[in-house]
Amino acid sequence: MPTHEDRNRCHYVMAFIAETLRARNVVPTGLPHKAIVNTKLDKYTIPENMGVWVYQGIVCSNNKDWQNEREFKPERFIDSEGQYMTTRPKAYIPFGVGRRVCPGERLAIADLFLVLVRFLQLTQDYEIILDSNGGIDPNPDITDQLAPYPYKIKFHKR
Ligand code: HEM
């Protein structure tokens, strides 16, 4: 069974989780906030009480901050020594940013790691096939909608 300590040596799994959260942002629009005082942000003035949404899905997948932003590439989070990067790019904000950053981040990553590793262990004798017979594209355009359509996954014993 995987343990929490295993995270320190499973660099590629950690990078895979990070890339999944970047490319398929769970909360792409973040949560609503409000400016509590008149605020100047770069060239913009945000008046007191104005609602503010950080469209973090775009921050995590725009072509200024990310190379080949539409490519699923866990290697972005692996350093030159093959280790999972401890410092992540500034534009990596799937859990939000600042004072109201998600307090569940550590728990979420810990759980994702255990569930994913267990899943990989239990399915290593199977070929996993996405069933697109119904014409369903399991890899929809991320700017088009927020979640994939429901689709079937087939497991074929090798
Ligand atoms: C992959 C899993 C998760 C993702 C991607 C995620 C993402 C987020 C995001 C984007 C926010 C808004 C941050 C902001 O306003 O800037 C947020 C807020 C929050 N999250 Fe999560 N979250 C996850 C899991 C969890 C878990 C497991 C918990 C609790 C056990 C949790 C508890 C909260 C709470 C309480 C807030 C509100 C914080 C505040 O407004 O001060 N989240 N989360």
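The values are calculated or read from the model by the stated rules, or taken from the named source; none is laboratory data. As the structure is a prediction and not an experimental result, all values here were calculated from the model. When we count neighbours, we look across all protein chains shown, and the Cβ atoms used for this are built from the backbone with ideal geometry, even at glycine. All accessible areas refer to the heavy atoms of the entire protein, side chains included, with ligands and DNA or RNA removed. Shrake-Rupley method; radii C 1.70, N 1.55, O 1.52, S 1.80 Å.
Numbers at a glance
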| quantity | calculated |
| --- | --- |
| Net charge contributed by nearby residues that have their C-beta within less than 14 Å of LYS90 (K/R +1, D/E -1) | +3 |
| Charge dipole of the chain about the Cα centre (unit charges at C-beta), most positive-ward option of SER80, PRO47, ILE128 | PRO47 |
| Helical contribution to [θ] at 222 nm, DSSP H n ≥ 4, -39,500 (n - 2.57), averaged over the chain, rounded to 500 | -7000 deg cm²/dmol |
| Kirkwood hydrodynamic radius over Cα pairs of region 1-78, then Stokes diffusion coefficient at 25 °C and 0.890 mPa s, in µm²/s | 163 µm²/s |
| Estimated distance in nm for a label pair at ALA35 and ASN49, the labels positioned 7 Å out from Cα along Cα-to-Cβ | 1.4 nm |
| Once exposed loop chymotrypsin sites (Phe, Trp or Tyr not before Pro) are cut out (DSSP; at most 12 other Cβ, 10 Å), longest piece of the chain | 56-158 |
| Degrees separating the helix 105-122 axis from the principal Cα axis of the chain, which is the longest one | 20 degrees |
| Cα long-axis angle, helix 11-23 against the chain (0 to 90 degrees, to the nearest 10) | 50 degrees |
| Largest to smallest principal axis extent of the C-alpha atoms in the chain, angstrom | 62, 41, 27 |
| Per residue accessible area of the chain, 1.4 Å probe, in Å² | 75 Å² |
| Pairwise FRET efficiency - GLU127 versus VAL97, Cβ, R0 = 41 Å, nearest 0.05 | 0.55 |
| Cβ-based net charge around LYS34, under 14 Å, with every Lys or Arg adding one and every Asp or Glu removing one | +1 |
